[in-house]
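Q: Input: one structure, supplied below.
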């Protein structure tokens with residue numbers, strides 16, 4: 001069986017920027033083990049699987065299935081709109097995080113995602129050592145979010161990933177005010193098979209409501225300052241977050257299943 005396959009860089013207009021995601025267009029759903037094997041073989045942060053014409057969308061890291069992935073959702077919508085000629089104004093996906101909507105916005109895309117609450121708490125034992133920095137504040141939620149003093153501190157961070165893996169069940173998110181944007185971030189998920197993610201849409205479901213409250217504005221410009229880097233425009237609308245970004249196709253081919 002030949003599976004149409006695309007590698008798409010999300011949250012960027014550069015061919016070598018943003019966050020790469022694999023997108024597999026299935027004829028029918030194989031066993032979960034096969035989906036995980038394909039994702040593991042690609043060695044990308046996420047691989048998305050969808051049957052065109054059906055709403056279900058699933059995402060896998062090289063080691064596990066995840067509940068929510070922004071950049072692979074953006075990549076999937078890009079493939080369906082740009083390569084498969086989807087004519088609708090929006091695509092509605094049925095996922096483990098409920099219904100997710102992606103709309104075309106001129107030459108970019110807008111994703112409608114659930115907001116994630118951040119509750120201020122105490123730093124777990126060993127966090128400062130694992131990060132190599134002292135957070136100004138720590139927040140619990142879907143991820144462990146650490147607020148640092150400034151953008152330079154986020155960029156220069158060199159965490160101990162083995163220690164960081166023990167800090168949270170999902171991932172550790174580090175953020176600070178941006179020099180030329182509203183806020184910056186980095187995202188570490190070694191427990192999920194992703195040592196450092198390049199641009200993490202789902203993290204902005206937690207980041208955007210926090211910074212909207214801190215800055216007193218609903219629309220924010222964000223940059224994830226990983227090695228590849230990428231830009232996300234965020235808008236907080238009650239219990240939802242709108243995430244806007246571009247996508248670029250890097251590879252088009254087939255997986256022999």
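The values are calculated or read from the model by the stated rules, or taken from the named source; none is laboratory data. Because the structure is predicted, anything quoted here is derived from the model rather than measured. Heads up, the Cβs are rebuilt from the backbone with ideal geometry, glycines too, and the neighbour counts pull from every protein chain shown.
Table: residues versus (1) more than 28 Å from residue 108 (Cβ to Cβ); (2) surrounded by fewer than 16 Cβ atoms within 10 Å (Cβ to Cβ).
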residue	(1), (2)
16	no, yes
31	yes, yes
37	yes, yes
42	no, no
55	no, yes
58	no, no
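Q: Residues of the range 219-257 being in contact with a helix residue (DSSP H, G or I) (Cβ under 8 Å, 6 or more places away or on another chain), part of a loop (DSSP other than H, G, I, E, B) and modelled with pLDDT under 95, which ones?
A: 257 - this is the single residue of the range 219-257 that is in contact with a helix residue (DSSP H, G or I) (Cβ under 8 Å, 6 or more places away or on another chain), part of a loop (DSSP other than H, G, I, E, B) and modelled with pLDDT under 95.
Q: Out of the range 173-194, which residues are part of a strand (DSSP E or B), closer than 14 Å to residue 226 by Cα and touching a strand residue (DSSP E or B) at 6+ places or on another chain (Cβ under 7 Å)?
A: Residues of the range 173-194 that are part of a strand (DSSP E or B), as a first pass: 173-177, 183-189, 194.
Going one step further and asking which of them are closer than 14 Å to residue 226 by Cα, we end up with 173-176, 183-189, 194.
Correct list: 173, 174, 175, 176, 183, 184, 185, 186, 187, 188, 189.
Q: Here is a further query. What is the residue count in the range 97-115 for residues that are touching a strand residue (DSSP E or B) at 6+ places or on another chain (Cβ under 8 Å) and part of a loop (DSSP other than H, G, I, E, B)?
A: The first filter runs over the range 97-115 and keeps only residues touching a strand residue (DSSP E or B) at 6+ places or on another chain (Cβ under 8 Å), leaving 97-105, 108-115.
Of the ones still in play, those that are also part of a loop (DSSP other than H, G, I, E, B) are 97, 115.
Residues that pass the stated criteria total 2.
Q: Do we have any residue at all in the range 71-78 that's in a loop (DSSP other than H, G, I, E, B), out of contact with any helix residue (DSSP H, G or I) (no Cβ under 7 Å at 6 or more places or on another chain) and under 20 Å from residue 186 (Cα atoms)? Before you say what the answer is, go through the steps one by one.
A: Looking only at the range 71-78, we keep the residues that are in a loop (DSSP other than H, G, I, E, B), and these are none.
Taking every residue of the range 71-78 in turn, none turns out to be in a loop (DSSP other than H, G, I, E, B), out of contact with any helix residue (DSSP H, G or I) (no Cβ under 7 Å at 6 or more places or on another chain) and under 20 Å from residue 186 (Cα atoms).
Q: Among the listed residues 21, 48, 130, which satisfies the condition of being assigned by TED's automatic domain parsing to the domain that holds residue 166, touching a residue at least 24 places away in the same chain (Cβ under 8 Å) and in contact with a helix residue (DSSP H, G or I) (Cβ under 8 Å, 6 or more places away or on another chain)?
A: Working: 21 fails: assigned by TED's automatic domain parsing to the domain that holds residue 166; 48 fails: assigned by TED's automatic domain parsing to the domain that holds residue 166.
So the residue among 21, 48, 130 that is assigned by TED's automatic domain parsing to the domain that holds residue 166, touching a residue at least 24 places away in the same chain (Cβ under 8 Å) and in contact with a helix residue (DSSP H, G or I) (Cβ under 8 Å, 6 or more places away or on another chain) is 130.
Q: Additional query: Given the conditions (1) farther than 18 Å from residue 22 by Cβ; (2) in contact with a strand residue (DSSP E or B) (Cβ under 6 Å, 6 or more places away or on another chain), report the number of the one that residue 124 does not fulfil.
A: Exception for residue 124: condition (2).
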